[in-house]
Amino acid sequence: METVTVGLAERSYQISIGQGIMGTLGHACRELHLGSRVVVVTNPTVGGLYFEVVRRSLADAGFNVQLIEIPDGEEYKSLETLKGIYDLLIAGRLDRGSFLVALGGGVVGDIAGFAAATYLRGIPFVQVPTTLLAQVDSSVGGKTGINHPLGKNLIGAFYQPRLVMIDLDTLDTLPEREFLSGLAEVVKYGIVLNKDFFNFLAAHADEIRTREKHCLAKVVKSCCSIKADVVARDERETELRAVLNYGHTIGHAVETLTDYKQFSHGEAVAIGMVQAAKISEVMGYAGSTDTERIMALLETLHLPVELPQFSLEAYLDALARDKKVKEGGLSFVFNKRIGDFTIGKVKDIAALLATCGIRG
Ligand SMILES: NC(=O)c1ccc[n+]([C@@H]2O[C@H](COP(=O)([O-])OP(=O)(O)OC[C@H]3O[C@@H](n4cnc5c(N)ncnc54)[C@H](O)[C@@H]3O)[C@@H](O)[C@H]2O)c1
């Protein structure tokens, strides 16, 4: 088992990464001196595969285990589902000495984390992420929350877990599209934060895509280390953490314009990263070989790179609704070559889109 530490003073925690380690969850929770009652939040898909291992591990370690299942899907990361979780926690008389375990992908992690952040003004929680995206991104860093009908992730809290336990074997059952989607976030870390990691991804792209475990262990550990470092330096996204939005600005516009139906989030981010690379090149931050390498890697990982064609007005409208539009323009993350970044304000968004081939 490998470990990565998220260094946040008294709120620091370990990320444990390994194959077949889910059965050690109970022991790990004991070591943290968590209370005697635990509620595992999951969905039927993940629960059907992994709840029994988690339940047995926690029970064997002496915990009283309960289960809350929420429906599977992004649309259930909602206030209504959250209320259902609160109802069950209250009915079960869960007190401050209890804790939650989020067993699942980013949806379960975000909503269970937010329930933990707010129930009785906060009870501890543990992340057991089971999608690649959750393992390399959403389970680390303490962003928790739910969606509102008017926008994604509009309600939430920064609330750190007490432990993240990543069992790489859970990736065996992950549908192909979900797995590839997670790889987009993996590539992001390399492009903007670590050139050596990008080079590793480029050199082992085929093995990674076919889920060769040795490579995946290195990938997940590297991503967690990179994210842990960013979070430790800027937990609340005052500046540096915004680098993790690389590719997301245009990616979100693509998701909005295609009604969240045509592309998964990761696929939209892949498209957004290629556009960000092109824009960075035109701005003089990167060279054409950098853009070509980024595109080639994403294509080898079977991720889309072509920007869907909508009118300039449609793109401007979608971008105007982005959270990152503040006074003075659109906050945009550029890659500086590969492995570094800069964040700037873009005033002329139409010019930015022209670089991506979208013209009026
Ligand atoms: N908190 C953060 O910092 C952060 C960062 C990025 C994304 N997110 C959020 O994460 C969410 C997306 O997360 P996601 O991509 O993990 O999606 P998800 O949680 O919906 O999981 C994707 C699908 O895979 C299934 N699944 C999960 N693990 C499985 C496994 N091991 N085997 C088989 N099926 C499995 C799920 O049931 C679901 O159907 C979004 O809501 C997004 O806003 C949060």
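No lab work stands behind these numbers, since they all come straight from the coordinates. From a predicted model like this one, the values you see are computed outputs, not experimental measurements. So basically every Cβ, Gly included, is an ideal-geometry build from the backbone, and we count neighbours across all protein chains shown.
FRET efficiency for Thr342 and Ile155, Cβ-Cβ distance as r, R0 = 35 Å, nearest 0.05? Numbers along the way, then the final one.
Details: r = 31 Å, r/R0 = 0.88.
About 0.70, to the nearest 0.05.
At each listed q (0.09, 0.15, 0.17 Å⁻¹), what is the log10 of I(q)/I(0) that the Debye formula gives for region 2-173 modelled as equal alpha-carbon point scatterers?
Debye output, listed in q order: -0.25, -0.74, -0.98.
Helix 213-233 versus the longest principal axis of the chain: what angle, 0 to 90°, nearest 10, using Cα atoms?
80 degrees
Return the ratio Rg/(2.2 N^0.38 Å) for region 176-355, where Rg is computed over Cα atoms only.
For region 176-355, the normalised Cα radius of gyration is 0.98.
For the Cα atoms of the chain, what angle does the longest principal axis make with the long axis of helix 265-282, in degrees from 0 to 90, nearest 10?
So the helix axis and the longest Cα principal axis differ by about 40 degrees.
Let me make sure I get this right: for region 33-110, a, b and c are the square roots of the gyration tensor eigenvalues over alpha carbons, sorted descending. Under 1.5 in a/c it's rounded, otherwise prolate if a/b > b/c, else oblate. Which is it?
Taking the square roots of the gyration eigenvalues as a ≥ b ≥ c, region 33-110 is oblate.
Any chance you could tell me what percent of the C-alpha pair distances in region 258-360 go past 22 Å?
When every Cα pair of region 258-360 is considered, 29 percent fall beyond 22 Å.
How far is helix 44-60 tilted off the main Cα axis of the chain, in degrees rounded to 10, range 0 to 90?
40 degrees
Please report, to one decimal in angstroms, the Kirkwood hydrodynamic radius of the chain built from all distinct Cα-Cα pairs.
20.8 Å
Take the cross-link list Lys278/Lys345; Lys143/Lys347; Lys77/Lys336; Lys77/Lys188 and give me the ones stretching past 27 Å between alpha-carbons.
Too far apart for the 27 Å limit: Lys143/Lys347; Lys77/Lys336.
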